[in-house]
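Structure first, then comments.
The values are calculated or read from the model by the stated rules, or taken from the named source; none is laboratory data. Please read all numbers here as calculations on a predicted model, not as lab measurements. Please note: Cβ atoms are built from the backbone with ideal geometry, for glycine as well, and neighbour counts cover all protein chains shown. Just the protein is used for accessible areas: all its heavy atoms, side chains included, with ligands, DNA and RNA removed. Shrake-Rupley method; radii C 1.70, N 1.55, O 1.52, S 1.80 Å.
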Amino acid sequence: MKNRDLIDKLNKEHCLTRDEWVQIFATWDQYDLQYAARLAQCIALERFGRRIFFRGIVEFTNVCRNDCYYCGIRAGNPNVARYRLDEEDILACCADGYTHGFRTFVLQGGEDPYYDKDRMCGIVRAISEKYPDCAVTLSIGELDRDYYQALYDAGASRYLLRHETADPAHYRALHPEKQTLENRLRCLRDLKEIGFQTGCGIMIGTPCESPETLAADMIFMGEFKPEMVGLGPFIPHHDTPFRDEPAGSVDLTILVIALCRIMLPDALIPSTTALGTAESDGRQRGVLAGCNVVMPNLSPMSVRKKYMLYDGKAGTDMSAEAGIRILREQMEEIGYEVVVSRGDFEKRS
Ligand code: SAH
């Protein structure tokens, strides 16, 4: 079957075989990319209209106990000025965001043991009590099930944990031995069972990625049925073991976004900062290929440059207000509007 016929099949059946996925990733061309992106955009328009949800990210700590080979704030990087925001700082970011229309706050950070169960639940509770009309999303890595349950009980309703790759050998190429794919997937299953709207996802173009690893990712996501999918190109950071690796392709990232939209029509799929960093119109291209969320940065200016997951990260030199204004303008340029809404996952099909 031709790739375009496989894309049509995906649209009808919402799954493909492993061999079919491998074929697409091994042989796609610009026509396939355009075909998938157009179809994905139509699906998103039908479901969400020309409305883009926005979420404010607060990067509240860059301390991390992990050593992911791709990440600039890995424990093994001695050249990071480490910081932590306290509850008061985080609430100030939310207050700022609220006045700008944000109704979802995403707290993201390294895996920082300083934020133990009690401290983190206290922060989540404070935000949920102060902003009962807002959703609290967490992206703080791998924790045990009790901790996830406590966060949920404290008022968090969404959790982002990219699986990074569903292929065990690829996972080992990206992480030290003590970080396992098995535990990452255990976390994702726990989060879903507890009731979180759960996000997984990958970087595109990491070292050792192949059509086979991408096929494994699509099959995993098709089965897991995440409510949210985070996708962005890999971008090297100069202080990591992957400093000399090439960045991931924006075209391939757009293809994966489009295929995810076709496979998971209801999913919330952000057009990510990494996409906007790799290409100046990257975030617009993401929306035109089926993304329906953007996540501007709400972190205080003083810490922006310290949360450098990769080199050249977009938005580190502008205020929350300026970042939002630019995103709004970018969306308007392509005929979309950014809406004030919690933007919860809704199953329609
Ligand atoms: N500690 C949390 C948050 C990680 S940062 C966790 O483990 O989930 C969020 C995401 O940024 C990661 O999941 C990864 O996919 C992405 N990321 C990290 N380094 C990157 C790089 N060099 N290029 C592109 N994306 C990167």
Could you check what % of the DSSP bridge pairs in the range 15-339 are antiparallel, to the nearest 5? 5 percent
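Taking 2.2 N^0.38 Å as the expected size of a compact globular protein, what ratio does the Cα radius of gyration of the range 199-264 give against it, to two decimals?
The value comes to 1.15.
So if I place +1 on the C-beta of Lys and Arg and -1 on the C-beta of Asp and Glu, and nothing else carries charge, what would the dipole magnitude of the range 15-339 be about its Cα centre? I want it in debye, nearest 20.
420 debye
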Rounded to the nearest 10, the angle in degrees between the Cα long axis of helix 320-333 and the longest principal axis of the Cα atoms of the chain comes to 20 degrees
0 to 90° range, to nearest 10: angle between helix 250-263 axis and the chain longest Cα axis: 80 degrees
Rough spin-label spacing in nm, given labels placed 7 Å along Cα→Cβ, for Glu337 and Cys15: 4.0 nm
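At 1.4 Å probe radius, can you tell me the per residue accessible area of the range 15-339 in Å²?
38 Å²
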Pseudo-spin-label distance Asp266 to Arg38, built 7 Å along Cα→Cβ, given in nm, is 2.9 nm
Given a Förster distance of 22 Å, the FRET efficiency implied by the Cβ-Cβ spacing of Asn79 and Ser302, rounded to the nearest 0.05, works out to 0.75
Would you kindly enumerate the cysteines in the chain that have no other Cys beta-carbon under 4.7 Å from their beta-carbon? Cys15, Cys42, Cys64, Cys93, Cys94, Cys121, Cys134, Cys187, Cys200, Cys208, Cys260, Cys291
Mean separation of Cα contacts under 8 Å (at least 6 apart) over the residue count of the chain, i.e. the relative contact order in percent, is 25 percent
To the nearest 10 degrees, how steep is helix 117-130 against the longest Cα principal axis of the chain, on a 0 to 90 scale? 90 degrees
Distance from a point 7 Å along Cα→Cβ of Lys117 to each backbone N in the range 145-167: keep the residues under 11 Å and list them by number. 145-151
Based on the alpha-carbon set only, what is the convex hull volume of the range 15-339 divided per residue, in Å³? 120 Å³
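Over all distinct Cα pairs, what is the inverse of the mean 1/r for the range 61-112, reported as the Kirkwood hydrodynamic radius in Å?
After inverting the pairwise mean of 1/r, the radius is 12.5 Å.
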Considering only protein heavy atoms and a probe of 1.4 Å, how much of the accessible area of the range 32-146 is carbon and sulfur, as a whole percent? 48 percent
Using only alpha-carbon positions, what ratio does the radius of gyration of the range 12-76 give when scaled by 2.2 N^0.38 Å? 1.76
